[in-house]
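This report concerns only the one structure given below.
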Amino acid sequence: MIPIKDKNPSRSFPVVNLSIVVVCSILWLYEVSLDESSLNIFIYNFGLVPSELFSTPHQLLTHMFLHGSWLHIIGNMWFLWIFGDNVEDKLGKFRYLLFYILSGIGAGLIQTFVSFLTGSEDVPMVGASGAISGVLGAYLYLFPHARILALMPVFFFLTFVEVPAIFFIGFWVIIQIINGVLTLPFAGMGGVAWFAHIGGFFVGYKLVRLFRKKAPRW
C-alpha cells in the first residue's frame, strides 16, 4: 500500500520535519554528484558499518541522513512528510527532533546486532528508514484511528481506499517482519535493512510514551 495523505490536520507548521526532508535531499544530491569511487568512500565513512561502529560511532547518527537510490529517498521522504508532521505537532519541535534521532539510533543498533548474527557486519547501511519507522510507531500510538488515504492493489487494479492508521501501519509492520525473516539467509548480500525498520518501529512506539509525558510543549 502507498499512502497518499492522512486526514489528520496539524495545528502547527512542521519546521523540524521539513528540515529533515531538506537535509536528506541536499545530501542525496551531493551523493549523486560523486563518482563511484568517491561515493563508496563517502558511504563507508558516513554510512553505518557494523564492524567499524566502535571506532566510528558518528555513523549511528550520519547514516540516517544518507540514501542509496532515488526510490529509496523518495519513498522515505514521502512517508516522513505524511506521518511526521502530526508527531512533531504532538511532541513539540525539540522533543520531536530528539525522538527522531533516538529512533534512528535504536534502529541502527538493532540492525547492527542482526548483522553480526548473520555475518553481514561489513555491509554498510544508509537511510532514514529506521528513524521514520520510529515515527510510524509514534503515529500508531498517538493516532490509531486517524484515516489514511492509500493506493492499494485490489485483484489486478490499484484502488484508492481509506483505512484507519492502525490497519495501514499494522499491515506495514507485518510486511516488514515477514520480509525480514525471509531474507535473513541473504543478509550478507545487502539489500533492505528490514530489522532497522522493525526495530525502529518498536523503539518509536515505546519511546513516544516517555516523550509525551514531558512538559511543557516546545
Test VAL49 against the criterion of being under 16 Å from the mean Cα position of the chain (by Cα) and surrounded by 13 or more Cβ atoms within 10 Å (Cβ to Cβ), and give yes or no.
-> no
First in the stretch 30-52 and more than 13 Å from VAL126 (Cβ to Cβ) and without any contact (Cβ under 8 Å) to a residue 12 or more places away in the chain, second anywhere and outside any helix (DSSP H, G or I) and of a type in the set (A, V, I, L, M, F, W, C), Cβ under 9 Å, 6 or more apart = ILE41/LEU34
Looking only at the stretch 182-191, and only at residues there that are of a type in the set (A, V, I, L, M, F, W, C) and closer than 20 Å to SER51 by Cβ, the one that is modelled with the highest pLDDT = LEU184
Any idea which residue in the stretch 1-30 is nearest to ILE73 (Cα to Cα), counting only those that are assigned to a loop (DSSP other than H, G, I, E, B) and touching an Asp or Glu at 6+ places or on another chain (Cβ under 7 Å)?
-> PRO14
From the options ALA107, ALA138, residue that is buried (at least 16 other Cβ atoms within 10 Å of the Cβ), touching a residue at least 24 places away in the same chain (Cβ under 8 Å) and under 18 Å from HIS63 (Cβ atoms) | ALA107
Single condition LEU53 does not satisfy, out of (1) touching a Leu at 6+ places or on another chain (Cβ under 9 Å); (2) modelled with pLDDT of 95 or more = (2)
Looking only at the stretch 161-175, and only at residues there that are closer than 18 Å to ILE132 by Cα and in contact (Cβ under 8 Å) with a residue 40 or more places away in the chain, the one that is surrounded by the most Cβ atoms within 10 Å (Cβ to Cβ) | PHE168
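Residue by residue, here is whether (1) on the phi > 0 side of the Ramachandran plot; (2) crowded, with 20+ Cβ neighbours inside 10 Å; (3) among the polar types (S, T, N, Q); (4) touching an Asp or Glu at 6+ places or on another chain (Cβ under 9 Å) holds:
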site: HIS63; (1), (2), (3), (4): no, yes, no, no
site: TRP70; (1), (2), (3), (4): no, no, no, no
site: LEU80; (1), (2), (3), (4): no, yes, no, no
site: PHE83; (1), (2), (3), (4): no, yes, no, yes
site: TYR100; (1), (2), (3), (4): no, yes, no, yes
Right, ILE43: modelled with pLDDT of 95 or more, over 15 Å from the mean Cα position of the chain (by Cα) and surrounded by 17 or more Cβ atoms within 10 Å (Cβ to Cβ) or not?
-> yes
Restricted to the stretch 192-209, and to residues that are among the aromatic types (Phe, Trp, Tyr) and modelled with pLDDT under 95, which residue is surrounded by the fewest Cβ atoms within 10 Å (Cβ to Cβ)?
-> TRP194
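Among the candidates LEU149, LEU158, LEU210, single out the residue that is without any contact (Cβ under 8 Å) to a residue 60 or more places away in the chain and assigned to a strand (DSSP E or B).
LEU158
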Could you give me the residue pairs with C-beta distances under 7 Å whose first residue belongs to the stretch 65-86 and is under 20 Å from PHE143 (Cβ atoms) and touching a residue at least 24 places away in the same chain (Cβ under 8 Å), whose second residue is of a type in the set (Phe, Trp, Tyr) and outside any loop (DSSP other than H, G, I, E, B) wherever it lies, and which are 6+ apart or on separate chains?
-> PHE83/TYR139; ASN86/TYR139
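The values are calculated or read from the model by the stated rules, or taken from the named source; none is laboratory data. Remember, predicted model here, so these are calculated numbers, not experimental data. Positions of Cβ are backbone-derived with ideal geometry, glycine not excepted, and every protein chain shown enters the neighbour counts.
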